[in-house]
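To keep things clear, I will list the structure first and then write my remarks on it.
The values are calculated or read from the model by the stated rules, or taken from the named source; none is laboratory data. Small disclaimer: the values here were computed from a predicted structure and weren't measured. Note that we place each Cβ from the backbone using ideal geometry, even for glycine, and neighbour counts take in every protein chain shown.
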Amino acid sequence: MHGVGLLLKSAGFARVSELDWDESVAAKDARVHFLEAIHTSRRGIWDTNKTLWGSFRTMGPGIGVIRHDSRRMRGRDPHETHRTATPLELLFDLTFATSFGLAASEVAPVLAEGHFIVGLVGFGFASFAICWAWINFSWFSSAYDTDDWVFRIVTMVQMIGVLVLAAGVPRMFASIEHSGHLDNSVMVLGYVIMRVALVFQWLRAAKDDPARRRVCLIYAATISIAQVGRVAQIVVPLAAPAIILGGILVLVEMTGPVLAERQAGGTPWHAHHIAERHSLFAIIALGEGVVGTVAALSAVVDRQGWTLDAVLVGIAGMGLTFGMWWVYHLVPSGEILQRHRDRAPAWGYVQMLIVTSIVATGAGLRVAADFIQGKATIAAVAAVLAVAVPVGVFLGLMYALSYYLTRRFYVFQTWSLIATAGVVVVTLVAALSGVDVAKCLVILMLAPAVTVVGSEVRVLPS
């Protein structure tokens, strides 16, 4: 415990460890945990409350497991070493794999039938709802995760809300396509469940962390205002009033964190932890690329058997997915955010667009699969565009994000960007010239590969 280390060392004790609440230290085969206790300390006239009181729990082989007692949300250390994603965060992420899968499976047939406006509106709405729900939880968790039983139960409630949100995606797509009315009632219900839980967490943090109370209350207020607006939006038809209200609510949602983080130094989120969390979220999105590849490969095999086209589709799909993964991890987000925390809001919002473009690529591969199977009514060029557009958007966003974080754009990056854009253009020219979809996808696969090779050849030797 803090405050007596020097005294013990001066008395001749060589092995002394000072701990803060919820920290632990190894002692032979056991681990000693220092737990919270509210107690006044004083050993002289001038040392009132100079030592930290607590209780101890010793864990060792055969002793059992740590109980997840309720703890105060005092905020995590933003400089904590070896901070990584927790098993609970990974479990939470699984619900979003389901959500992305439903969004991709709903938009693919809509695009394959040539209903591009409906597909873009529905997919954009679903993607924002899914990404924003994940961001709300993950940034709060990075700053205030206590891993106590209260945090765990509230997280489970949020997971239920995510599943309800996902269940409403098909209904939302159907309403836009068939009636022109945005029926997002089930999705809003999912958000209500998530938001009630999240507001509870922010109010809990406001109570336990007086230094950042104003920050936490701003988050709670903006979330509550936006959620009331979402409920009101249910009764508004898909027309000008609904679009205007939706735009205002998005503005409220996205302005809240910017305003809050400018108060009292913001929340104590961990730069490397949040960068890792976003990279894991991107990997979940890349799972749709794998699913889309399997769909396209199955379509070719069912139609032609194991031919050259089947091999090309498999290589192209996995090549695109792997290349996008590699490009994503070329940007050293954690290190830069650690030094420039003020760049985090814009970085986080761009991450939403990046993840959306990744999922859209997987959906585009499903569109290509429908075209190969003869289920699509669109032309071959449109099928290729369904993949090429999100790939191009993803690569453009990654170059822009790299420049925003580093504030530098090297000559080799300029040439890599030009070459990458050239590959996308060649892909579209090939499609217009009558080259089949499978071969066009192979050409497109080279777009992220050009960026990877350009970066690795230029960077690695230095």
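Let me confirm something: among Arg303, Arg366, Arg343, which residue is in a helix (DSSP H, G or I), buried (at least 24 other Cβ atoms within 10 Å of the Cβ) and either more than 18 Å from the chain's Cα centre (by Cα) or at pLDDT 90 or above (or both)? Outline the logic, then answer.
Values: Arg303 fails: buried (at least 24 other Cβ atoms within 10 Å of the Cβ); Arg343 fails: buried (at least 24 other Cβ atoms within 10 Å of the Cβ).
Of the residues listed, the single one that is in a helix (DSSP H, G or I), buried (at least 24 other Cβ atoms within 10 Å of the Cβ) and either more than 18 Å from the chain's Cα centre (by Cα) or at pLDDT 90 or above (or both) is Arg366.
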For region 431-440, indicate whether the set of residues that are part of a helix (DSSP H, G or I), among the aliphatic types (A, V, I, L, M) and under 24 Å from the mean Cα position of the chain (by Cα) is non-empty. no
Against the condition in the same structural domain as Gly374 (by TED's automatic domain parsing) and under 28 Å from Leu397 (Cα atoms), how does Ser279 come out, does it pass? yes
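Please work out if Ala174 is over 24 Å from the mean Cα position of the chain (by Cα), in a helix (DSSP H, G or I) and in the same structural domain as Gly265 (by TED's automatic domain parsing).
Details: over 24 Å from the mean Cα position of the chain (by Cα): yes; in a helix (DSSP H, G or I): yes; in the same structural domain as Gly265 (by TED's automatic domain parsing): yes.
It is true that Ala174 is over 24 Å from the mean Cα position of the chain (by Cα), in a helix (DSSP H, G or I) and in the same structural domain as Gly265 (by TED's automatic domain parsing).
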Select from region 193-210 the residues that are crowded, with 19+ Cβ neighbours inside 10 Å, part of a helix (DSSP H, G or I), in contact (Cβ under 8 Å) with a residue 60 or more places away in the chain and not basic (Lys, Arg) and list them in ascending order. Met194, Leu198, Gln201, Trp202, Ala205
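With respect to Gly374, is the statement that it is over 18 Å from the mean Cα position of the chain (by Cα) and surrounded by 21 or more Cβ atoms within 10 Å (Cβ to Cβ) true?
Against the criterion (over 18 Å from the mean Cα position of the chain (by Cα) and surrounded by 21 or more Cβ atoms within 10 Å (Cβ to Cβ)), Gly374 does not qualify.
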State whether one or more residues within region 121-140 are more than 26 Å from Met172 (Cα to Cα) and assigned to a helix (DSSP H, G or I). yes
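Just checking, which of Ala383, Ala400 is surrounded by 22 or more Cβ atoms within 10 Å (Cβ to Cβ), of a type in the set (A, V, I, L, M), in a helix (DSSP H, G or I) and in contact (Cβ under 8 Å) with a residue 24 or more places away in the chain?
On the way: Ala400 fails: surrounded by 22 or more Cβ atoms within 10 Å (Cβ to Cβ).
So the residue among Ala383, Ala400 that is surrounded by 22 or more Cβ atoms within 10 Å (Cβ to Cβ), of a type in the set (A, V, I, L, M), in a helix (DSSP H, G or I) and in contact (Cβ under 8 Å) with a residue 24 or more places away in the chain is Ala383.
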Suppose we filter Ala264, Ala260, Ala271 for residues that are more than 26 Å from Pro390 (Cα to Cα) and modelled with pLDDT under 85; which single one remains? Ala264
For region 145-164, indicate whether the set of residues that are under 16 Å from Ile223 (Cβ atoms), of a type in the set (Gly, Ala, Ser) and touching a residue at least 40 places away in the same chain (Cβ under 8 Å) is non-empty. no
Out of Gln263, Gln338, I need the residue that is under 30 Å from Leu217 (Cβ atoms), over 20 Å from the mean Cα position of the chain (by Cα) and surrounded by 15 or more Cβ atoms within 10 Å (Cβ to Cβ). Which one? Gln263
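Considering only residues that are outside any loop (DSSP other than H, G, I, E, B) and either within 23 Å of the chain's Cα centre (by Cα) or among the aromatic types (Phe, Trp, Tyr) (or both), which ones fall in region 403-429?
Start the filter on region 403-429 by keeping residues that are outside any loop (DSSP other than H, G, I, E, B), which leaves 403-406, 411-429.
Once the filter is applied, which keeps residues that are outside any loop (DSSP other than H, G, I, E, B) and either within 23 Å of the chain's Cα centre (by Cα) or among the aromatic types (Phe, Trp, Tyr) (or both), region 403-429 yields Tyr403, Tyr404, Leu405, Thr406, Phe412, Trp415.
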I'd like to verify a number: residues in region 169-186 that are at pLDDT 90 or above and crowded, with 23+ Cβ neighbours inside 10 Å, how many? 1
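Somewhere in region 198-206, is a residue of a type in the set (S, T, N, Q) and either over 30 Å from Glu177 (Cα atoms) or at pLDDT 85 or above (or both)?
yes
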